[in-house]
Structure formats: structure tokens, C-alpha cells
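A short reminder: the numbers here are calculations on the coordinates, not readings from a lab. Only a predicted model underlies this, so the values are computations on that prediction, with no experimental measurement involved. FYI the Cβ positions are ideal-geometry reconstructions off the backbone, even for glycines, and counts take in every protein chain you see.
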Amino acid sequence: MISAVSDKTTDAGAMPKITVVGGGLAGLAAAVAAADGGAQVTLYERAPRLGGATWSFQRNGRWYDNGQHVFMRCCAEYRAFLDRLGVAHHVAEQPRLSVPVMRPGRRPARLSRTGAPAPLHLARSLLRYSPLSLADRLRAVRTALALRRLDPDDSDTDETSFGGWLRFRGETDQAIAGLWDLICLPTVNLRADDASLSLAARVFRTGLLDDADSADLGWARVPLSALHGDAAAAVITAQGGSIRLQAQVEAVGHGPSLAAGGQRMDAGAVILAVPHDVVGDLVPPDTVARQSELADLGISPILNVHFVFDRQIMDVPFTAALDSPVQFVFDRTEAAHWAGGKPSGANNGDEQVVAVSQSAAFDEIGDRPAEIIERYRSALADLFPLSAEAELLDAVVTREHRATFAGRPGTRRLRPGPTTAIDGLFLAGAWTDTGWPATMEGAVRSGTQAARLALDHCRGAGARAPELQDQSERTIA
Ligand SMILES: Cc1cc2nc3c(=O)[nH]c(=O)nc-3n(C[C@H](O)[C@H](O)[C@H](O)COP(=O)(O)OP(=O)(O)OC[C@H]3O[C@@H](n4cnc5c(N)ncnc54)[C@H](O)[C@@H]3O)c2cc1C
């Protein structure tokens, strides 16, 4: 039996009531922006915690993230969100892009920028990039300039594979593995051969080629849950908003209204910020553009292997790797020892906590944890000889089978915008049509945009004639 609760204040002058479904970054950004815009916000999250795809857990007294997250300086809305939450001081940001690239038994190479204006800022590094032959380096410079001329919003560009386009331009397998995949894998969560040229062009243009400082990298110095979920909860509740955890929404429908825990609730506006493969189960047919094709957005997994060594094995904050199963490895010691209000600075002796991060881990996500740990312990020993002598104090594997949608060629047309066929129902999520791959930036952008539309809707509805408001009070379809 479903009882009805009205949560739909739209009288002129009254506080608009906005309900957000989903407490990932998109939902949190939407809830914060809606509260900042004067709405009374209620957020429903089916998990026992906020943060969605960005979360942390404790084990043997140390913090671990579900997976390493990195952002670039060009992620303007994500960085503004951190500012709004008052946690910007909890991230590290490079003054200038610098990515060490390790190979077993070889001197490390480096991808970095100079202080020169774009696109010259990368030229010196590309021309000196030792994993590539001289011919490949010269070709890479020409290819980078050609990427800069591509329009990421062009639908033909989206139908093309990045790898196919690179090969057409004469890029070799070595150049694709040693340079282009190094950037495509962690940003699009696919290898270049599988990725949409449009999404790759967005990353390379916005991130690397259009402005000199765009690709300077940043990462959390504290657990992701502290950075996102906890901080956003404090901001939302301080403004009178309410957060319901372990509250799975069962349906969203006309009104707009939603059903959760056996109750039906009306709202001034609803922002649905759940993953793409969940939306179709919650809304009536044809609510979202191409609703029946949303599953075609696919999924791409990410695997992280966290090691605790009794001593320092690497002396850089992170590195990429080539000629190794390792894609990237990060020093997570500071975040692992987070002590609440501030980094404790304390270390359990001289231990070092590192996270190996593997994007598009289709081939190994199903392997047994013990096998995965052994594989990467041995790979780390090849890259960092000190780790071969170090004692392993702990190791844990985190697997995100459905980490992101798969940004394959042709996915752009499957990504809906924020509006739906239901008046007052808006969509948010990294998978919606942000133009970005599935990133924290895309999630936050979509959330703030949905909040703006929801606030406009409530204000418009407040000014509407009473009979029109009555007509919108329908039940869940
Ligand atoms: C391991 C890993 C590494 C990553 N690395 C990076 C990186 O380095 N840089 C980067 O920018 N991005 C990275 N990403 C991607 C980024 O985390 C995501 O794109 C972003 O966080 C997605 O946010 P979202 O709010 O759109 O979706 P989600 O985080 O998936 O949030 C959706 C929320 O909806 C909730 N929900 C679902 N159904 C219901 C229901 N019926 N009722 C109530 N709640 C419901 C879910 O529980 C979830 O909390 C990574 C992702 C993973 C998993």
C-alpha cells in the first residue's frame, strides 16, 4: 500500500522543494547548488554512504579509496565544487604538468610542460620522449596539432574511433601504446582503439592542447569520502536539507513524484542522478530520449590494487608505467593515515601505501584477488627494485565492475541532455550529454546544470495558475 506525502511547495514566495535521487558527485553537486539557490533539498541515496563512485573504507587502521581519482586544472566546475565545500586545501595540485613514465630497468621518461604558451608548452617534452622513436615523436607533434583542429562536438568525429584515426595518420602501435593510450586509458577508461575520437579530442584539446596549464594534475590528499560525501553532507544539512541513506527510490513519475519505502512523495522538481543502467527501471517508458538504448552506453571496469610496504619503495607522488602490466601507481600514504579533521602526518613507522590503478580492466577484473596481488607485486618489483626487498604488510584489491560508461564511437547520440518528457524531472550524471568522458568534472557539471533547471522550473511553477498546478498532480505512471 503506497501512502502519499506532498513535498511540492510551489506557492509564489515559498521555498521550492527539490528532491535529488542519487548521492554520487552529480547528485551531491545538484543538491548543493539547489540548496544554494534557496531550495529545500531532500536527497535519497540507496547506499549506506554518499559519494557514489568515489568512496573510501578503513581496513586495519588505514584508509583506502575504491579507486584512485585524478583531475586536471581544466576541471573548472569540479574544482569550484571543492571550493564550495571548503575542501580545496585537501587536494594536491601540480604547479606544472609532470608525469614520470617508468619502464623496468630503464631510466624514467617524463611527459611535462614548459612555461611556454599552448601548444608549444608540450613540444620539448614530446620531442625528448624516449619511449618513442624519433620518427614517432615528430609524428606525435603533428598529430597533436591535428587533434587541436578537431571539433569534439561534431557527430562524425564521435562515430570515429580514436585508434583508427591515429593509425590513419600513421601513428604506430608503439606510439599508441607508449603515448596515446597513456592519456586515453585513465581519462576515457578505454584504449584508443576502443574510444570515441570525440571524447579523446575533448580530453586532449581541453586538457592538453588549448591552454598551457589545463592538464596540471590534482588528486585528493585525504580519503575521497571525506573530500566529497562528508563535506557535501555538511553543506546540505547546514542549509536545512535532508539526506536519506539506504533509501532506494523505486519509481519516479509524473508530478513529479517518487516512490520510496512504500511512500509516494510529490516534489516541486526531481533530479534523477543515478547511473545510466538504472534510469530505465525507475521512470515510465519514453521519459528519457532513447531510453531503450541506454544500455548501449555499456560499462567499463576499473581495478585498483593497494599495497602497504614496510618502507618507502617509490619517491614520486605517482608514475605511469610502460612495458609493464602496471598502468599508473600512486603514493597514497598521506590519505591512508587521514585522521579526521586534518592529515595526521603520522605514519606507522616508515611504511608506504601505494595504489596501482588499472583502467579498462576488462581482462583481469574477474581474476582472483590473490592472483591480482601477486601479478602486481611482481610488476612493482620490476619497476621499483626497493619493493622486492620490502615486507608487504597488507594488500587489498578493489574492483569497480561498472566504474564508468564505455565511451565508444557513437555513444554521444545515446547520452541524453538534462530535460525529460516529465515536467519538473531532470537528469544528471557523468553519463549524460556533458561532452566529457565519465569524469568527476562531467558529474559535477551535469548536477549543477540540473539544479539550475530545477530551480527555474520551481520558480516558474510557483508563478503558474492554480489549475495548471492541479493538473500536474498526477500519480506515478
Ligand atoms: C575506480 C574509479 C576510478 C575513477 N577515476 C576517475 C578519475 O581519475 N578522474 C575522474 O574524473 N573520474 C574518475 N572516475 C569516474 C567518476 O568517479 C565518475 O564519473 C563520477 O563519480 C560519477 O558520478 P555520478 O554521480 O554521475 O554517478 P555515481 O557516482 O554512480 O552516483 C550514482 C548514485 O546513485 C545511487 N543510486 C542508484 N540507484 C538509486 C536508487 N534507485 N535510489 C537512490 N539512489 C540510487 C547510487 O548508489 C550512486 O550513489 C572513476 C570511477 C571509478 C569507479
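Among the DSSP beta bridges whose two residues both lie in the chain, what percent are antiparallel, rounded to the nearest 5? Percentage antiparallel, nearest 5: 70.
Three semi-axes describe the equivalent ellipsoid of the chain; taken as square roots of 5 times the Cα gyration tensor eigenvalues and ordered largest first, they are 40, 26, 19 Å. Multiplying each eigenvalue of the alpha-carbon gyration tensor of region 197-354 by 5 and taking the square root yields semi-axes of 38, 25, 16 Å, largest first, rounded to whole angstroms.
Listed from fewest to most Cβ neighbours within 10 Å, the set SER359, SER133 follows the order SER133, SER359. Residue separation of ALA421 and GLU250 scaled by 0.36 nm, minus their Cα-Cα distance, works out to 59.7 nm of gained length. Please list, in order, the residues from region 62-77 whose amide nitrogen is less than 14 Å from a point placed 7 Å along the Cα→Cβ vector of ASP36. Counting only backbone N, you get 76-77.
Computed from label points 7 Å out along Cα-Cβ, the spacing between SER98 and ALA238 is 3.5 nm. Phi angles of region 72-86 translate, via the Karplus equation with coefficients 6.51, -1.76, 1.60 and θ = phi - 60°, into HN-Hα couplings of 10, 4, 6, 7, 5, 6, 5, 5, 5, 5, 4, 4, 4, 7, x Hz per residue; Gly and Pro are given as x.
Take every Cα pair under 8 Å whose residues are at least 6 apart in sequence, average their separation, divide by the length of region 300-404, and the relative contact order is 47 percent.
Both radii were evaluated on the Cα set of region 108-215; the Rg over Rh quotient, with Rh as the Kirkwood radius, amounts to 0.93.
Once the Cβ-Cβ distance of GLN263 and MET15 is raised to the sixth power relative to R0 = 30 Å, the FRET efficiency obtained is 0.90. At an R0 of 30 angstrom, the distance between the Cβ atoms of ASP363 and ALA339 translates into a FRET efficiency of 0.20.
For the chain, the longest principal axis of the alpha carbon atoms and the long axis of helix 369-383 meet at an angle near 40°. Full extension of the chain segment joining ALA146 with ASP173 gains 7.9 nm, where the gain is 0.36 nm per residue of separation less the Cα-Cα distance. Placing a label point 7 Å from the Cα of ALA370 along the Cα-to-Cβ line, the residues of region 289-312 whose backbone N sits under 19 Å from it are 305-308. The relative contact order of the chain comes to 26 percent, based on Cα pairs under 8 Å that sit 6 or more residues apart. Taking amide H atoms as placed 1.01 Å from N in the peptide plane, the amide H of ASP433 lies under 5 Å from those of GLY417, each 5 or more residues away in sequence or on another chain. Taking R0 as 35 Å, what's the FRET efficiency between VAL316 and ASP456 from their Cβ-Cβ distance, rounded to 0.05? FRET efficiency, VAL316 to ASP456: 0.15.
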